[in-house]
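The values are calculated or read from the model by the stated rules, or taken from the named source; none is laboratory data. Because the structure is a prediction, the values reported are computed rather than measured. Because the Cβ atoms are built from the backbone with ideal geometry, glycine has one as well, and the counts that use them run over all protein chains shown.
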Amino acid sequence: MTDRLFDNHNHSQFSFDGKKTTIERSAVSAKAAGLSGICFTDHCDFYVPPMKAAFEHLVPETFDTDAQQKEIDRVNGEHGWTVAPEGFHIYKGVEIGLQKKCREQIREYLSAHNFDQIIASVHYLDDTDPFYGGYYEGKDWKRAYGHYLETLYEEMKWLEDFDIMGHFDYVARYAPYPQASILYRDFSDIFDEMLKFLAQNGKAIEINTKTYRDYKGRTPVLDKDILLRFKDLGGEAISLGSDSHDPGRPGDRFKEFAELADSLGFSRLAHFENRRLILE
């Protein structure tokens with residue numbers, strides 16, 4: 001198992017929901033936790049469903065990318081955090097919110113900026129936000145989870161220009177069903193398509209440790225069979241992300257999940273520099 005761990009999914013003061021921290025505070029915390037690097041992937045969703053937009057202070061949920069990257073450069077410089085085999089570094093990223101109606105805006109945005117890594121995620125679908133619960137109305141667990149996976153696959157296949165598939169089981173976090181976890185056996189067909197696409201195109205699958213926390217008495221569990229199938233299909237890149245929105249969470253449970261990945265045959269974990277996959 002690698003001794004060098006990188007947290008590839010974090011939010012800062014530049015995200016609409018990141019006001020509990022700053023780039024500097026979370027980076028200092030990450031280094032103190034023994035991490036070798038942290039990437040800030042602030043939210044970029046060009047459309048917010050009306051059910052949520054009424055409560056938001058920032059719509060669309062985008063951020064000042066130039067200001068964020070300037071702040072990363074400042075913090076790296078003041079702390080002497082340069083890219084080096086044994087050093088610590090802050091990387092520049094974005095979590096792009098995939099939505100079919102926003103495809104043109106997404107293309108234009110990604111073409112206009114340079115990142116170390118891009119996470120492709122789905123937060124909103126069918127004009128709803130799962131966090132607020134509207135998405136689940138009229139759906140049983142299998143339809144709700146399956147439709148989310150199908151939407152994520154359709155949009156990431158369209159985009160192609162990304163590095164990490166973000167929190168594929170995000171939809172399970174806030175679901176009202178007794179079935180708290182997304183299992184390979186229940187969605188094997190769509191998982192095979194998703195995992196094959198990732199493997200064939202050198203993309204990473206994310207272990208998002210925020211998903212596997214208790215939420216209102218439900219605790220989703222990562223299904224090992226998903227990772228094993230990814231490996232069977234030729235996948236190599238697993239990315240760890242805490243999805244932190246406060247300075248206390250970078251690197252949360254990373255040792256546990258790094259050991260799990262190692263036990264499944266993934267002895268090296270992914271991070272990205274200038275959009276280049278690095279496994280170590």
Quiz prompt | Lone unmet requirement of (1) out of contact with any Phe, Trp or Tyr (no Cβ under 9 Å at 6 or more places or on another chain); (2) buried (at least 17 other Cβ atoms within 10 Å of the Cβ) for residue 270 | solution = (1)
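Could you identify the single residue in 228, 183 that is over 20 Å from residue 144 (Cα atoms) and either touching a helix residue (DSSP H, G or I) at 6+ places or on another chain (Cβ under 7 Å) or modelled with pLDDT of 95 or more (or both)? Quick ask: steps written out before the conclusion?
On the way: 183 fails: over 20 Å from residue 144 (Cα atoms).
Step by step, each of 228, 183 is checked, and only 228 is over 20 Å from residue 144 (Cα atoms) and either touching a helix residue (DSSP H, G or I) at 6+ places or on another chain (Cβ under 7 Å) or modelled with pLDDT of 95 or more (or both).
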Practice problem: For residues that are surrounded by fewer than 20 Cβ atoms within 10 Å (Cβ to Cβ) and in contact with a Pro (Cβ under 8 Å, 6 or more places away or on another chain), tally how many sit in segment 174-203. | Solution: 3
Quiz item: For residue 77, all conditions in the list (1) free of Cβ contacts under 8 Å to residues at least 12 places away in the same chain; (2) small (Gly, Ala, Ser); (3) within 13 Å of residue 93 (Cβ to Cβ) hold save one; what is the number of the exception?
Solution: (3)
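What about residue 38, is it among the hydrophobic types (A, V, I, L, M, F, W, C) and within 19 Å of residue 166 (Cα to Cα)?
Numbers: among the hydrophobic types (A, V, I, L, M, F, W, C): yes; within 19 Å of residue 166 (Cα to Cα): yes.
Yes: the conditions hold for residue 38.
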Quiz item: Which residues, counting only those in segment 114-140, are out of contact with any Lys or Arg (no Cβ under 6 Å at 6 or more places or on another chain), surrounded by 20 or more Cβ atoms within 10 Å (Cβ to Cβ) and part of a loop (DSSP other than H, G, I, E, B)?
Solution: 122, 123, 124
Exercise. Working only within segment 14-29, note down all residues that are free of Cβ contacts under 8 Å to residues at least 60 places away in the same chain and within 10 Å of residue 246 (Cβ to Cβ).
Key: 19
Practice problem: Could you grab me the full set of residues in segment 76-113 that are buried (at least 19 other Cβ atoms within 10 Å of the Cβ) and either assigned to a helix (DSSP H, G or I) or aromatic (Phe, Trp, Tyr) (or both)? | Solution: 76, 88, 91, 102, 106
